[in-house]
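Nothing in this text is a laboratory measurement; each read-out follows from the coordinates by a stated rule. All of these numbers come straight from a predicted model, not from anything done at the bench. Heads up, the Cβs are rebuilt from the backbone with ideal geometry, glycines too, and the neighbour counts pull from every protein chain shown.
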Amino acid sequence: MNLTDLQQGKTAVVLDVTKLNDIVKQRLIDMGLVEGQEVCLKCTMPFGGPVMVEVCGQCLSLRRKEASRIGVR
């Protein structure tokens, strides 16, 4: 399951971030989005826009393409 498959307001645990570009992956790791961390999908913007997630008490906006490469459980 990918991060974009979550329903709004639901939480999941990050399983895999290895499919991301190395630069993007390092940036997300620096902001707390690491394997084993709980993440909550706050909202998705219409027309293929970004998604907003909450990790470690802070909200992050991710491109939908990058969010679809983050595996969650």
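Here are the numbers:
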| quantity | calculated |
| --- | --- |
| Within-15-Å neighbourhood charge of Pro46 [Cβ basis; K, R +1; D, E -1] | +3 |
| Sum of side-chain charges, Cys56 neighbourhood, beta-carbon under 12 Å (Lys, Arg +1; Asp, Glu -1) | -3 |
| Partner lysines for Lys25 [C-alpha distance under 21 Å; skip if fewer than 8 residues away on the same chain] | Lys42, Lys65 |
| Label selected from [x] 27, 22, 21; [y] 55, 29, 16; [z] 106, 12, 11, the criterion being Cα extents along the principal axes in Å as computed here | [x] |
| Cβ-placed point charges (K, R +1; D, E -1), dipole of the chain about Cα centre in debye, nearest 20 | 240 |
